[in-house]
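Peer 1: Sharing a structure, written as structure tokens. Questions coming.
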Amino acid sequence: MRPPPPIGLLAELTHRCPLRCPYCSNPVDLARRSAELDTDTWRRVFREAADLGILHVHLSGGEPTARADIVELTRAATEAGLYTNLITSGVGLKQDRLEALATAGLDHLQLSVQDVLETEADRVAGRRGAHAENRSVAGWTVAAGLPLTINAVIHRGNIGRIEAIIDEAVALGARRIEIAHAQYYGWGLLNRAALLPEREETLLARTVVERAQARLEGAIVIDYVAPDQFARHPKPCMSGWGRRFIVVTPTGRALPCHAAESIPSLEFWTVRDRSLGDIWERSPAFAAFRGTEWMREPCASCPRKEVDFGGCRCQAHALTGDASNTDPACIWSPGRDAIRSAPPAHRRKQVVYRKYGQARQSPVNRR
């Protein structure tokens, strides 16, 4: 059966980034600049995305503004008829370039922040001055008339300052903020022992968010992504594998989710060789866990199987060794214990910061 068209494209334009966040969603094996898709290929991908029925494109990375052609790419996506959303740390982005992006048709900007404390934000980012730079970009974004969303990744080091992060987002003029606990695969899995908060902290965090949602209703939209480690049921990752989203990596691989390359058994097709529509409909990687026929027990007979679609395939692989297993975030998963205790290789007491070629370690500060 032909799958329904997707609605979103995550365009990972580059893995280059001036920051070294230890929970980075990029793979541990980062793509080099020389391997990145060129401008014309991305133009074609955007046209094919629109023809396929995709409505919006998220221009992401790494740091997408590290691409010299980011304005040109934004214009190409706009001309293809896509709603454009730039996901950026703001670091290195100058005001005149932001204004050029707005002129090129940028519809929305998502700004990643690390903390409200400047020293802590810069430490997590691995760059002095990062905190000040992204606050400047927030101001320029609002001044340019662009909608602003703040993204805040929550972990052991900043979980006690969620309310302050939300209040700062309001002060910056954001219309929306996403409070999202770190996801533990790739760099996050590597650093899980250093980043994962205690259960009591996560319970309190939910309460803090719910109170803020009530207090600030009408002023800002607050979305909350809870940690899997203390959940009863898994999240419907990407709204189900191969159901609504396509990710294209800097090198052109098309993925059902941004961490799918961590599953070695999958065969990924590339937009260098095939059209986006062909990949969506026929790629072995997209077909592997699409729908429910692939499921084993307890997922196969579960009444929630078309609610959460078995959860995260990448997390199942990372923690149980088999992507076909039930996500350990589920209370009925035979591998449930794996979600609470990291494998020995990932029980690190020091943070390993993202960096090309080598790892830089630093102790975790708790305040």
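Peer 1: For the pair ARG32 and ARG206, how long in nm is the line joining their label points, each one 7 Å along Cα→Cβ?
Peer 2: 4.6
Peer 1: Keeping every protein chain present and rolling a 1.4 Å probe, give me the accessible area per residue for the range 74-179 in Å².
Peer 2: 36
Peer 1: Let me ask something additional. Running a GNM on the chain with Cα contacts under 10 Å, which residue among ALA50, ALA144, ALA174 ends up with the highest mean-square fluctuation?
Peer 2: Maximum fluctuation in the GNM of the chain, among the listed residues, is at ALA144.
Peer 1: Then there's this: Need the full-extension length gain, SER301 to ASP322, defined as separation in residues times 0.36 nm minus the C-alpha distance. One decimal, nm.
Peer 2: 5.6 nm
Peer 1: In what order, largest first, do LEU196, LEU37 sit by accessible area if the probe radius is 1.4 Å?
Peer 2: LEU196, LEU37
Peer 1: Can I ask one more? With n ≥ 4 as the cut-off for DSSP H runs, can you work out [θ] at 222 nm for the chain, using -39500 (n - 2.57) per run divided by the number of residues, rounded to the nearest 500?
Peer 2: -8500 deg cm²/dmol
Peer 1: What ratio of Cα Rg to 2.2 N^0.38 Å holds for the range 223-271?
Peer 2: Its radius of gyration relative to the 2.2 N^0.38 Å reference: 1.35.
Peer 1: Suppose we flag GluC sites (Glu not before Pro) only when DSSP calls them loop and at most 10 other Cβ atoms lie within 10 Å. Which is the longest uninterrupted stretch of the chain?
Peer 2: Segment 1-216 is the longest.
Peer 1: Which length gain, in nm to one decimal place, applies between ALA143 and THR39 when the Cα-Cα distance is subtracted from 0.36 nm times their residue separation?
Peer 2: Length gained between ALA143 and THR39: 34.6 nm.
Peer 1: A further question on this structure: Roll a 1.4 Å probe over the protein heavy atoms and report the accessible area of MET295 in Å², nearest 10.
Peer 2: 20
Peer 1: Give me the tail of P(r) for the range 98-178 as a percent: Cα-Cα pairs with distance above 21 Å.
Peer 2: In whole percent, the long-distance tail amounts to 27.
Peer 1: The list (i) 1.02; (ii) 1.07; (iii) 0.94 gives values of Rg/Rh (Cα atoms, Kirkwood Rh), and only one came from this structure; which label was calculated from it?
Peer 2: (iii)
Peer 1: Residue-wise, which Karplus ³J(HN,Hα) couplings in Hz belong to the range 218-224, taking 6.51 cos²θ - 1.76 cosθ + 1.60, θ = phi - 60°, and x for glycine or proline?
Peer 2: Calculated HN-Hα couplings, in order: x, 9, 7, 8, 10, 9, 10 Hz.
Peer 1: What length, rounded to one decimal in nm, is gained on full extension from VAL225 through to GLU99, with 0.36 nm per residue of separation minus their alpha-carbon distance?
Peer 2: Additional length available on full extension: 42.2 nm.
Peer 1: Next question, about the same structure. How many nm separate the modelled label positions at SER239 and GLU72, each set 7 Å beyond the Cα in the direction of the Cβ?
Peer 2: 3.2
Peer 1: Could you order LYS94, LYS305 so the one with the most accessible surface comes first? Probe is 1.4 Å.
Peer 2: Result, largest first: LYS94, LYS305.
Peer 1: Can you list the HN-Hα couplings for the range 75-81, worked out from phi with the Karplus curve (6.51, -1.76, 1.60; θ = phi - 60°), rounded to whole Hz and with x for Gly and Pro?
Peer 2: Those phi angles translate into 4, 5, 5, 5, 5, 6, x Hz.
Peer 1: If Lys and Arg each add +1 and Asp and Glu each add -1, what is the summed charge of the other residues whose beta carbon sits under 11 Å from the beta carbon of CYS302?
Peer 2: Its environment carries a net charge of 0.
Peer 1: Quick check: at a probe of 1.4 Å, how many percent of the accessible area of the chain sits on carbon and sulfur atoms?
Peer 2: The nonpolar share, carbon plus sulfur, comes to 50 percent.
Peer 1: I want to check the label-to-label distance for ASP273 and VAL170. Put each point 7 Å from Cα in the C-beta direction and report it in nm to one decimal.
Peer 2: 5.3
The values are calculated or read from the model by the stated rules, or taken from the named source; none is laboratory data. Since the structure is predicted, the reported quantities are computational estimates derived from the model, not experimental observations. All Cβ positions, glycine included, derive from the backbone under ideal geometry; neighbour counts span all protein chains shown. Note: accessible area is taken over every heavy atom of the protein model, side chains too, but ligands, DNA and RNA are not part of it. Shrake-Rupley method; radii C 1.70, N 1.55, O 1.52, S 1.80 Å.
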